[in-house]
Amino acid sequence: SGRCGAKTADPWEAGVKRVMLDRRLLVSAAAFRQTYDDFQLNTFLGTTFLVRSVPQVRAKGVEADFMLLPVEGLSLQGGVTYAQTEYGDEAVPGLPLLAGRRLAFAPLWSGSLAGTYERSVAGGLTGRITLAAKYSSEYNTGSDLDPAKSQPGFWLVDGRVALARDEAWSVELWGRNLFDQDYRQVAFGAPFQAGTLGAFLGAPRTVGVTLRLI
């Protein structure tokens, strides 16, 4: 696993926004390119962290987002990002797999899609239903890019059903990771166990009820 930072960065971005369908659709898109020099990579060795300097990191890609109001009470929004991120071609001492490879924790594709439907119901109450999904393509969860630390692409889906009365109170039934997707947040070499990997996993399916008094 690892954290990172850069001493210098050279960012560039250009984008466009459009409003269409009588202001019911907002679309935006952007292209970006960034170069980081003297990239500081904080690598977890199982018991300690070691900071290594990577001469250069490059990132470029495109992203697009939209917000749509197709009918009264319904809103949809989402986006997709394609990002090519890679370490420079110079070898990094102690991390031979990095040169010219995609960064850790950096999927090539990522995206999201969410929808909310809200309407008035009997007795001055308002009901609301929300579904939200996020996607990430494959990425490596270790700063050393060990192939064994690869996380395959996956979806996460959350949902929420709420009932509210004016600005007095609301009750919400919610669920996160509804399909109980298993995924690694980060993988690392287990301390004092050569050839063994440890991992911090993402949260499993979680459901709950929230009462809000306003």
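Go through region 69-90 and give me each residue that's under 30 Å from Val54 (Cα atoms) and either loosely packed, with under 15 Cβ neighbours inside 10 Å or not aliphatic (A, V, I, L, M) (or both).
Across region 69-90, the qualifying residues are Thr81, Tyr82, Gln84, Thr85, Glu86, Tyr87, Gly88, Asp89, Glu90.
Quick check on region 133-147. Is at least one of its residues modelled with pLDDT under 95, of a type in the set (Lys, Arg) and on the phi < 0 side of the Ramachandran plot?
no
Mind checking whether some residue in region 101-108 is open to solvent by less than 40 Å² (accessible area, probe 1.4 Å) and not in a loop (DSSP other than H, G, I, E, B)?
No.
Taking the condition of being modelled with pLDDT under 90 and of a type outside the set (A, V, I, L, M, F, W, C), how many residues in region 1-32 meet it?
8
Please go through region 33-45 and pick out each residue that is open to solvent by 40 Å² or more (accessible area, probe 1.4 Å), modelled with pLDDT of 85 or more and not polar (S, T, N, Q).
Listed by number, the residues that qualify are Arg33, Tyr36, Asp37, Asp38.
Mind checking which residues of region 109-162 are among the aromatic types (Phe, Trp, Tyr), open to solvent by 70 Å² or more (accessible area, probe 1.4 Å) and either within 20 Å of Thr81 (Cβ to Cβ) or under 20 Å from the mean Cα position of the chain (by Cα) (or both)?
Answer for region 109-162, where residues must be among the aromatic types (Phe, Trp, Tyr), open to solvent by 70 Å² or more (accessible area, probe 1.4 Å) and either within 20 Å of Thr81 (Cβ to Cβ) or under 20 Å from the mean Cα position of the chain (by Cα) (or both): Trp109, Tyr135, Trp155.
Taking the condition farther than 16 Å from Leu103 by Cα, at pLDDT 95 or above and either open to solvent by 40 Å² or more (accessible area, probe 1.4 Å) or acidic (Asp, Glu) (or both), does Leu50 pass?
no
Note down all Cβ pairs under 6 Å where the first residue falls in region 5-23 and is open to solvent by 100 Å² or more (accessible area, probe 1.4 Å), the second is at pLDDT 75 or above, and they're at least six residues apart or on different chains.
Cβ pairs passing all conditions: Lys7/Asp38; Asp10/Thr35; Trp12/Arg33; Glu13/Ala30; Glu13/Phe32; Lys17/Ser28; Arg18/Val27.
Looking only at region 185-202, filter to residues that are more than 19 Å from Asn42 (Cα to Cα) and surrounded by 11 or more Cβ atoms within 10 Å (Cβ to Cβ); which one of those is modelled with the lowest pLDDT?
This residue is Leu201.
The values are calculated or read from the model by the stated rules, or taken from the named source; none is laboratory data. Computed from a predicted structure; not experimentally measured. Positions of Cβ are generated from backbone atoms using ideal geometry, with glycine treated the same way; all protein chains shown enter the neighbour counts. Remember, those area values only see protein heavy atoms, side chains included, never the ligands or the DNA or RNA. Shrake-Rupley method; radii C 1.70, N 1.55, O 1.52, S 1.80 Å.
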